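Every read-out reported here was derived from the displayed coordinates using simple, explicitly stated rules and does not represent laboratory data. In this text the structure is predicted, and so the values were computed from the model without any measurement. We place every Cβ from the backbone using ideal geometry, glycine too, and count neighbours over all the protein chains shown.
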Amino acid sequence: MTEIPFLDLKQINGPYMDAITRRLTEVALSGRYIGGDENGRFEKMMTDTIGTECCVGVSNGLDGLFLILEAYKCLGRLKEGDEVIVPANTYIASVLAISRARLVPVPVDADISTLNLDISKIEDALTDRTRAIMTVHLYGRVCWSKQLKQIADRQGLIVVEDCAQSIGASFSGTMSGNLGDAAAFSFYPTKNIGAMGDAGAVTTNDRLLADTVRALANYGTDRRYHNVYRGYNCRLDPMQATVLTVKLPDLNHISDSRRNLAGIYLGSIDNPAVKLPETPADSAEHVWHQFVVLTDRRDELRRFLADNGVATDINYPTPPHRQPCYADSLSHLDMPVARIVADKCLSLPLNQAMSPNQIRNVADVVNSFK
Ligand SMILES: *Cc1c(COP(=O)(O)O)cnc(C)c1O
């Protein structure tokens, strides 16, 4: 019986290892360990890839989201207590960024077919304190529409994109990260482009916002020993920037591999106990960070797959509003679709290090589940 791990990071990074170790050695020998050329090269590569005017490398995805919100506060566009709409079934980091910035997260339920924010439910959630929408391209599928844009424009809402799972996905030719007013990316090692530690980035076409994020991430300094904000230390580590400049040029290849493997799952799993993820009409809108199926017999299927050597994951078993840390403020909410997703979702292994045959083997095991 062949063992299929959920994600083997050593295998994922294997093809880049020679270049990475060579370049990391150069940085180690350079004596320059904060900022410097590597960060600049990384940021340039990101603006070329995403298509935005600006990119600021930051410490991680959560800090990126938080710094965007804080920067809008510094610029007078947001203030403490303002409400931010966020999908109910997102990874908790999206919500943590909002509450850490002393804004109020307003979860809106998911759409059972896209597993993303149900855009048709945004209007009902608007109040006179709503100031922003955080759209999350969950599992690598873009969450965007003309309607979302119209609501934001009409209400004067800021749109922040959480692109932690969606690097490389696009909507009508525009990359995620260049759809809203500002976006945060995560390069946590398991993401589609992963560093060898924590790393993140903020992209935007708003130069003033980018400058504010950069200042906030560097103790609130706009020039040396001059602190305009009570800032933070959320800089991108140049060692991680180095790893990312080796891997980013491979983004299209990585996304294509993932789409190809997802296509094999979609064409070969035909167990009536398993509901396959819907594919957007435009395949560019999905980079398959996770391949999530829904099943009433989730725990049973998960055990069956494990017994047959296939590792799986659950993304995510508990929505943020049900977590103990939000018991005081969000636990009263009833989000029926988010609950269904949390109870029934199962992520099958899918990553660019897997072969088509491994995917077919997993599909065979799923199909043999009775
Ligand atoms: C991973 C992730 C984050 C947080 O990124 P970190 O780099 O781990 O801080 C935020 N939002 C979503 C949707 C994520 O998947």
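Tabulated results
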item: Förster radius 25 Å - calculated FRET efficiency between LYS44 and ASP153 (Cβ-Cβ, nearest 0.05); result: 0.25
item: Dipole of the stretch 1-136, positive direction: furthest Cα of ASN89, ALA125, LEU24, with charges on the beta-carbon; result: LEU24
item: Largest to smallest principal axis extent of the C-alpha atoms in the stretch 286-326, angstrom; result: 38, 27, 17
item: Percentage relative contact order, the stretch 258-304, counting C-alpha pairs under 8 Å, at least six apart; result: 42 percent
item: Relative counts (whole %) of C-alpha pair distances in the chain, using bins that are 10 Å wide; result: 5, 24, 32, 25, 11, 2, 0
item: MRE, 222 nm, helices only [DSSP H, n ≥ 4, -39500 (n - 2.57), over the chain, to nearest 500]; result: -11500 deg cm²/dmol
item: For the stretch 168-246, the Rg and Dmax computed from alpha carbons only, in angstrom; result: 14.2, 44
item: Per-q log10 I(q)/I(0), the stretch 1-92, q = 0.11, 0.20, 0.26 Å⁻¹ (Debye; single scatterer per alpha-carbon; no solvent); result: -0.60, -1.19, -1.32
item: Around ARG100: net Lys/Arg minus Asp/Glu count, Cβ-Cβ under 13 Å; result: -1
item: Compactness relative to 2.2 N^0.38 Å, alpha carbon Rg of the stretch 227-370; result: 1.32
item: Extension gain (nm, one decimal) between CYS325 and ASN367, 0.36 nm per residue minus Cα-Cα; result: 11.2 nm
item: Stokes-Einstein D (µm²/s) once Rh is taken as the Kirkwood radius of the stretch 309-358 over alpha-carbon pairs, at 20 °C in 1.002 mPa s; result: 164 µm²/s
item: Mean Cβ count within 10 Å, highest first, over the residues of peptides 75-86, 21-32, 132-143; result: 132-143, 75-86, 21-32
item: Separation between Cα centres of the stretch 296-370 and the stretch 243-277, rounded to whole Å; result: 17 Å
item: Farthest positive-ward along the stretch 1-154 dipole, Cα basis, beta-carbon charges - from LEU103, CYS74, LEU148; result: CYS74
item: Computed lengthening from THR279 to ASN227, 0.36 nm per intervening residue step minus Cα-Cα distance; result: 13.9 nm
item: Kirkwood hydrodynamic radius over Cα pairs of the stretch 46-162, then Stokes diffusion coefficient at 25 °C and 0.890 mPa s, in µm²/s; result: 169 µm²/s
